[in-house]
Each structure stands twice: as structure tokens, then as C-alpha cells.
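Colleague: Below is the structure I would like to discuss, written out as C-alpha cells.
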Amino acid sequence: MTNKSQSPTTHNAPAVNPARVPAHVAVIMDGNGRWALSHGLDRSDGHSAGVDTVHRITEVASNMGVKFLTLYTFSTENWNRPQREVDLLMQLIVTALERETPELIRKNVRLSVIGDMSRVPQYTRNRLDGCINATAHCTGLNLILAISYSARWEITRAVKSIAEDVAAGKIKSDSITDDTVSARLSTAGIPDPDLLIRTGGEMRISNFLLWQIAYSEIYVTERFWPDFSVSDFKDAIADFSRRQRRFGKTGQQVDAQNQ
């Protein structure tokens with residue numbers, strides 16, 4: 001895990017070898033509220049500023065050749081926030097997506113959502129579906145929003161599904177593998193994240209993609225999400241490109257394999 005301290009907003013980001021760009025980047029977008037408070041603003045202003053960051057990071061990820069970008073947008077724990085803030089966030093999410101949908105189509109970005117949609121208001125689900133359907137034909141970057149998402153919820157749901165199939169005699173318990181579990185998750189068919197970025201400086205995972213990030217590289221920056229720049233994103237990708245991913249092997253084995 002890498003922790004990067006606060007740095008100037010603009011700087012010359014290092015060049016990144018296109019062959020070393022991660023296929024899947026996941027982001028815990030933290031710090032909207034703290035950013036707002038530090039600027040003497042309402043928390044809602046921080047969430048609005050965070051939308052602008054989503055726009056620029058989606059664009060740079062697409063331009064760099066990232067195939068999947070998963071953004072932790074609203075956790076199941078976020079339902080415990082004050083109702084006014086929850087209502088505002090639901091409205092902000094769909095309003096921003098509807099505004100951005102023409103640009104997503106122009107950039108060939110496909111939108112999808114993972115999470116417990118049963119808890120999301122119907123009007124929000126309807127508008128989300130409209131954006132998802134409008135970009136369904138796109139073949140570039142896959143932008144995945146985790147809304148009403150919890151990794152524990154996701155894994156528990158997968159376990160229940162497998163248990164039901166075992167009880168019904170559809171599968172045998174001794175045939176269950178990692179792939180069996182992966183196929184029951186919200187991210188079925190999506191490669192696991194190569195890189196997990198967390199903004200805001202907190203050193204925790206916060207119930208995000210717990211199964212999928214088993215071997216992800218982790219990059220933490222103290223930069224609040226509204227201040228997270230294109231250069232910051234490129235810094236994270238450059239840091240990732242310098243790492244040796246061993247997956248349990250020795251460094252010497254990896255070096256020999258790559259020769």
C-alpha cells in the first residue's frame with residue numbers, strides 16, 4: 001500500500017508506458033465533505049465539486065486506455081447519513097449522469113451500476129436505467145458506479161445463491177471454487193481491479209470490492225476527491241507501473257517469466 005502526501009494541484013505528471021496501464025482501476029472517492037468544510041462550504045457543495053472530478057478522471061482514464069473504471073459512489077452505510085444529504089446525493093447522481101450522458105456517448109463510454117438497487121428510490125432507478133440504456137452500445141471505457149453497494153452484502157448474496165443451488169442439487173458442494181463465487185458477484189464477467197485508489201488519506205477499504213481486490217495494488221493519497229487532478233491520476237498510474245506484481249511468486253520468478 002502506498003500513501004502519497006498532499007502535493008500541489010498542478011505538476012508535470014510522469015510519462016506512463018501504455019503497456020503498463022492497468023486494465024481496471026477502482027476508486028474510493030473520499031473527502032467531499034471534508035473538502036467542503038475546509039472551504040467554509042456546505043457538505044452538498046463538496047459533493048457537487050466531486051462530480052466535476054468524476055468527469056475529468058473518467059476522461060483521462062478513457063484517454064489512457066483504462067478498460068474499466070469502478071467508482072465507489074454511494075455505500076450501503078451512506079444510507080445512515082442525514083435524510084437531507086441522502087436525498088441530495090440521489091438527486092445529484094442522476095442529474096449529473098443525465099447531463100454527462102451525451103459526453104459519455106461521444107467518448108464511447110459505457111455506463112453500468114452495481115449495488116443493492118432495491119434500496120434506491122424508484123425515480124432514481126428509472127433515470128439510472130435511462131442513462132445505462134443510452135450508453136449500452138458503447139465499446140470503450142466501462143464506467144461502473146457502485147451505488148448502494150456493500151462488499152459484505154454482495155458476498156453474502158453470492159453465498160446464499162450458491163447454498164440454494166446446492167440444496168436444490170444443481171451443484172455439488174465439493175465443486176465450488178473461487179470462480180463459482182466470482183460468477184455470483186455483481187462484477188461477474190468484469191476483471192478484478194489491478195489498482196485501487198483511495199483519496200482523502202484514510203487507510204482502510206471501507207467495505208468496497210473485498211473479494212475482487214485480493215491482489216489489487218493500493219494507492220492512497222491525502223488529496224480530497226474534489227481536488228484530485230488529472231496529474232494526480234497519472235501519478236497513481238505511474239506508481240502502479242513501477243510495481244512488480246508477484247501473486248505469491250518470488251521476484252526472481254516474475255523477472256524470469258517476463259524475460
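Colleague: Once the other residues with Cβ under 15 Å from the Cβ of Glu164 are scored (Lys, Arg +1; Asp, Glu -1), what is the net sum?
Modeller: Here the count lands on +4.
Colleague: If you wrap a convex hull around the Cα atoms of the stretch 97-179, how much volume per residue is inside, in Å³?
Modeller: Once divided by residue count, the hull of the stretch 97-179 is 130 Å³.
Colleague: How much length, in nm to one decimal, is gained on full extension between Ala134 and Gln257, taken as 0.36 nm per residue of separation minus their Cα-Cα distance?
Modeller: Working it through step by step, the gained length comes to 40.0 nm.
Colleague: For the stretch 112-259, what mean projected area does the convex hull of the alpha carbons give, in nm²?
Modeller: Mean projected area of the Cα convex hull: 12.8 nm².
Colleague: List the trypsin sites (Lys or Arg not before Pro) within the stretch 89-181 that DSSP assigns to loop and that have no more than 16 neighbouring Cβ atoms inside 10 Å.
Modeller: Lys170, Lys172
Colleague: What list of whole percents do you get for P(r) of the stretch 133-189, with Cα-Cα distances grouped in 5 Å bins up to the one holding the largest distance?
Modeller: Result returned by the calculation: 4, 16, 21, 19, 14, 11, 10, 5, 0.
Colleague: State in Å² the accessible area per residue of the chain; use a 1.4 Å probe, count heavy atoms of protein chains only, and round to the nearest integer.
Modeller: I get 50 Å² per residue for this part.
Colleague: Can you give me the distance in nm between label points at Asp165 and Ser38, each placed 7 Å from the Cα along the Cα-to-Cβ direction?
Modeller: Calculated label separation equals 4.6 nm.
The values are calculated or read from the model by the stated rules, or taken from the named source; none is laboratory data. Everything numeric here is computed off the predicted structure, so don't read it as measured data. Here the Cβ is made from the backbone with ideal geometry for all residues, glycine too, and neighbour counts use every protein chain on show. Each accessible area value is taken on the protein alone, full model and side chains, heavy atoms only, with ligands, DNA and RNA left out. Shrake-Rupley method; radii C 1.70, N 1.55, O 1.52, S 1.80 Å.
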